[in-house]
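Working notes for the structure below.
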Amino acid sequence: MLLETETRRLWQLDQDHVLHPYTNFERFSREGSTIYMRGDRHFIYDSEGREYLDGIAGLWCVNVGHGREELAECMAEQARQLAYYNTFEDASSAPAALLAGKLSELCPGTLRHVFYGTGGSMANDTAVKIIHYYNNLRGRPNKKLIISRNLAYHGSTYLAHALTGIRPGHIAFDLPPNLVHYVSAPYAYRRPSEIAAEKFCDFLIDELERKIVELDAANVAAFIAEPILGAGGVIVPPEGYQQRSWELCKAHDILYISDEVVTAFGRLGAMIASDTVYGVQPDVLVLAKGISSGYVPLGATMISDEIYAVISQPKKENPYFSHGFTYSGHALACAVGLKNIEIMEREDLCGNVRRLGPWFGEELATLTELPIVGEVRGSMYMQCVEYVADKQTKQPFADQVTIAKRIGAHCKRRGLIVRPIGSFTVLSPPLTYDQAAIDRSMAILRESILATMADLKSEGLWA
Ligand SMILES: Cc1ncc(COP(=O)(O)O)c(C=O)c1O
């Protein structure tokens, strides 16, 4: 087929050949995708030159903003010198070593050892594999089960998908059975009606303890938790939950994996949130996304001195730590990670988030006056609006209404990209988002919710 414009050609090639992640193929076959060509700080431009505010930092990851010349230079320079060499046993590179040193400075407690990968799913897989290996070496071969939570998101490889507690997404994928067990999401807005808000944290901690007893702590290796659940709907646990669940794990000799793929590197106003914001000292800390601001694929699994001491002991049967990837410690990726952290520190992007984040949250909270906004929740630069058909009963809209997608489409037409998930609009902008960007996003989102309400009324989908 002869296509008229370059945009049309790209669109067609993409539609014909790219298998997109988390995609509704029916919608995709009708509408295809927008091709984005260029970014500049918190703005992004499509193939027709249209400008959008990037309200989601690519996918919660472009923390320092788009189009950073300094990062492009760093990549070019590292590529000229040495883009890649393996890091298996007797080889390494300067960026891999330097970034490891920097991460061990930033991470709390004894999290001084890093295993590199290329993203969050791989980093979570690595966390579980290392913990299993550790327990085998400690002579605890039964201590393998993982406790996760409903609505948690930990990735999409076989293992990371099993850790993920968004259950509808499990359908028709044969994930490893009986390895991961789930407890309730710490979702106060949709807690069981008989539980008072001030008792919800006790309820969650009791439930976690009952789950540990049911499975027997001798069989449970780890509890995995995002400090704030991201893709599950920016679920902010009740006060004290993170620390109490961590203490419970410690009391039962269960390791605590903190998945900070989204929350680390400034999104909550701190480089690492587990300890600074929540008083938790994880045994394993999982990093990706903001570690390189998405400029290159990079992930990291940080492990404690205690775990390292066991896994690094000499072994007779197999002296090798048999886990690794071609791109573990990729020189160019690590150089970008290091430069990215340098930019964040130099520009005090965490400080920017701490200054503007509370105000961003307050501005968003004003949307609760609208009849279809059930709750606005989040922290700093990680925010979410949940929609309901009935505010009194918290009845959600039927799935077919695709409420958040409709609102997202209105936002996009007006020049703001948000992330629609189920009944939620997620906002997780680059950390460069300033007052003007917040003001404009707020105005567009409000207008888009009102426009969607009018559409629903005229289509007879909402009274
Ligand atoms: C908390 C969390 N963990 C893990 C992942 C998986 O990361 P990746 O998509 O880089 O594999 C994500 C991705 O969104 C995430 O939000």
Please give, to one decimal in nm, the separation of the simple spin-label points placed at Gln395 and His17, each 7 Å out from Cα toward the Cβ. 4.9 nm
On average over all directions, what projected area in square nanometres does the chain have, based on the convex hull of its Cα atoms? 23.9 nm²
With each label point set 7 Å from Cα along the Cα-Cβ vector, what nm distance links Arg140 and His170? 2.4 nm
Calculate the spin-label point distance for Asp434 paired with Thr276, positioning each point 7 Å from the Cα along the beta-carbon direction, and give it in nanometres. 2.2 nm
Within the set of other residues whose C-beta is less than 15 Å from the C-beta of Thr157, count the net charge using Lys and Arg as +1 and Asp and Glu as -1. -2
Can you tell me the accessible area per residue over the chain, all protein chains present, probe 1.4 angstrom, in square angstrom? 45 Å²
How long is the gain from Tyr158 to Arg190 if the chain were fully straight, where each residue apart is worth 0.36 nm and the alpha carbon distance is subtracted? 8.6 nm
Report, in order of residue number, the helices in the chain meeting two criteria: a C-alpha extent of 30 Å or more along the helix axis, and a mean Kyte-Doolittle hydropathy of at least 0.0; treat each whole DSSP H run as one helix. 435-458
Give me the base-10 log of I(q)/I(0) for the stretch 36-123 at each q in 0.13, 0.18, 0.20 Å⁻¹, Debye formula, one uniform scatterer per Cα, rounded to two decimals. -0.65, -1.04, -1.13
Toy charge model, Lys and Arg Cβ at +1, Asp and Glu Cβ at -1: the chain dipole around Cα centroid in debye, rounded to 20, equals 460 debye
Just how far, in whole angstrom, is the stretch 267-293 from the stretch 82-134 if you go by their alpha carbon centroids? 15 Å
Descending Cα extents along the principal axes, the stretch 70-346, whole Å: 63, 47, 39
The answer for the net charge of residues other than Gly65 whose Cβ lies under 12 angstrom from its Cβ, with Lys and Arg +1 and Asp and Glu -1, is -4
The stretch 346-412 to the stretch 149-225: how many Å between their Cα centroids? 24 Å
Count the net charge of all other residues whose Cβ sits under 15 Å from the Cβ of Ile444, scoring Lys and Arg as +1 and Asp and Glu as -1. +3
Taking only C-alpha positions in the stretch 358-463, Rg and Dmax in angstrom work out to 13.1, 41
Below 8 Å between Cα atoms, with a sequence gap of 6+, how large is the relative contact order for the chain in percent? 20 percent
Once normalised by the length of the stretch 70-346, the mean sequence separation of its alpha carbon contacts under 8 Å that are 6 or more apart gives a contact order in percent of 30 percent
Just the number, please: carbon plus sulfur as a percent of the accessible area of the chain, 1.4 Å probe, no ligands or DNA/RNA counted. 53 percent
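The values are calculated or read from the model by the stated rules, or taken from the named source; none is laboratory data. On a predicted model such as this, the values are computed, not experimentally measured, just so you know. In this analysis, Cβ positions are derived from the backbone assuming ideal geometry, glycine residues included, and neighbour counts consider all displayed protein chains. Each accessible area value is taken on the protein alone, full model and side chains, heavy atoms only, with ligands, DNA and RNA left out. Shrake-Rupley method; radii C 1.70, N 1.55, O 1.52, S 1.80 Å.
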